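Below you'll find the structure, written out as structure tokens, and then a few comments.
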Number of protein chains: 2
Amino acid sequence: MAHAKVEHDVVIDKLMETFRSSGYDGASMAALAEATQLKKASLYHRFPQGKEQMAHAVLGYVAEWAKSRIENVLFSANAPEERLETALKAIDELYDGGRLDCILRALSHGSSANTFQKEIAAIFQTWLNAFKHLAMDFGHGEEEANKLANELTIKIQGTLILQRSLGQPSMFKEMLREMQEKFMHISH
Amino acid sequence: MAHAKVEHDVVIDKLMETFRSSGYDGASMAALAEATQLKKASLYHRFPQGKEQMAHAVLGYVAEWAKSRIENVLFSANAPEERLETALKAIDELYDGGRLDCILRALSHGSSANTFQKEIAAIFQTWLNAFKHLAMDFGHGEEEANKLANELTIKIQGTLILQRSLGQPSMFKEMLREMQEKFMHISH
DNA sequence: TTACAGGTACCGAACGATCGGTAAAGTCAA
DNA sequence: TTGACTTTACCGATCGTTCGGTACCTGTAA
């Protein structure tokens, strides 16, 4: 690398930060440039197809994150309790305890909705399958495991919205704790 | 009539439609004008403070809707089962079975987040209090009633996101049915 | 009936600012 | 000196907003 003053990973991270807090439409090139410490033209050098390519790059990073921090963890050979603990801790970090928006939600509305829909659906599906697999390792039946994975994912999204709207910073962590118990408890 | 007046209610409805599907930043004046069948200058005649005032007007309508279709229903003198049924049917209509976004969520992100936060929080609170009240009428304790109201609200938001992202049109209605049973069933 | 006044609703045209995007010159390591 | 990378300067389009003005309704007085 000859001249890379700003590392690629840092750029992606700052782009994600801007997209997730402003949304696709709200994240202007000027804002993305300021966040990454690059001039607009430099951003276009790295992402010739512009804003859309930047969002794709961010989604690629998120997909990779989901594979390494969720899928790989939940499909590993460790004890189910440990796998769950590790994955939920990663989720708590990802959203900074519920203080940060979900990038998938941010990119799935407004003018970018159709563009990224398939990519976003795939990530959600990876996520759901991984938690379903874990639930079955805990001894839940397939249908129950499906429900649990769905419930966790839905509650993450819903809680993020409600916590931010109501300004109650403890909702997210409490919800994660409750879902943790729900995964570990076999009901019948 | 050469200048057919466009009814205020219709304008509000079309504004809401545009804001909820495009978000605040994504809803351009051009789009709002096209949706309402009014020219941009005419919109400014009705809403002199511009886009922000339009969003406030929409939120005012939503607050009114929540009072008449949720609060008034859930605090009425009818049987709890009937109140619940009526309110959930209204919610199902509001979101067209999960096909439409939530206007509160649409306005609580991006550049409009801070502007409307208090107004949005108040509407959520009305909603939560009404369902808590109903849950207690079903015989749930206060803490349990709070949890149920929270769970319903969170699941509505989360399910809307997941249903749209995954393209599974039945999730929302199923979720409403499950929550209906959960309200009616006293666990201890 | 006519005539004019005031008010309401609407619209074409344009404003400065910002949008996403580009060309070409400058910078620096190999 | 090449070539990857950054920068300055700029583009047309669109942004939210404003202005000047037209069309129509209602009320009042001749």
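Tabulated results
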read-out: Length-normalised contact order of the stretch A:58-184 in % [C-alpha pairs under 8 Å, at least 6 apart]; value: 30 percent
read-out: Shielding by other protein chains, B:105-114, mean Cβ within 10 Å; value: 6
read-out: Separation between Cα centres of the stretch B:126-188 and the stretch A:12-45, rounded to whole Å; value: 37 Å
read-out: Calculated label separations, residue B:60, copies of the chain, 7 Å along the beta-carbon direction, nm; value: 4.9
read-out: Averaged over B:26-34, number of beta-carbon atoms from partner chains that fall within 10 Å; value: 2
read-out: Cα gyration tensor category, rounded, prolate or oblate, for chain A with a/c compared to 1.5; value: prolate
read-out: The protein assembly as shown: calculated mean residue ellipticity at 222 nm from DSSP helix runs of at least 4, using -39500 (n - 2.57); value: -23500 deg cm²/dmol
read-out: Residue A:147-residue A:72 pseudo-label distance in nm [points 7 Å out on the Cα-to-Cβ vector]; value: 3.4 nm
read-out: Minimum Cβ-to-axis distance in chain A for the rotation onto chain B, with residue, whole Å; value: A:158, 1
read-out: Cβ-based net charge around residue A:71, under 14 Å, with every Lys or Arg adding one and every Asp or Glu removing one; value: +2
read-out: Cα long-axis angle, helix A:113-137 against chain A (0 to 90 degrees, to the nearest 10); value: 30 degrees
read-out: Nm distances between copies for residue B:139, ranked from closest, using label points 7 Å along Cα→Cβ; value: 3.0
read-out: Relative packing of B:78-86, B:21-29, which averages over residues the other C-beta atoms within 10 Å, highest first; value: B:21-29, B:78-86
read-out: Prolate/oblate/rounded call for the protein assembly as shown, Cα gyration tensor, a/c under 1.5 rounded; value: oblate
read-out: Within 10 Å of each Cβ in A:118-129, the average number of Cβ atoms from other chains; value: 2
read-out: Added length on full extension, which subtracts the Cα-Cα distance from 0.36 nm per residue, residue A:125 to residue A:46; value: 25.5 nm
read-out: Other copies of residue A:6: label-to-label distances in nm, shortest first, labels 7 Å along the beta-carbon direction; value: 4.0
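Every number here is computed from the coordinates shown, using simple stated rules; none is lab data. From a predicted model like this one, the values you see are computed outputs, not experimental measurements. Every residue, glycine as well, gets a Cβ built from its backbone with ideal geometry; the counts of neighbours run over all protein chains shown.
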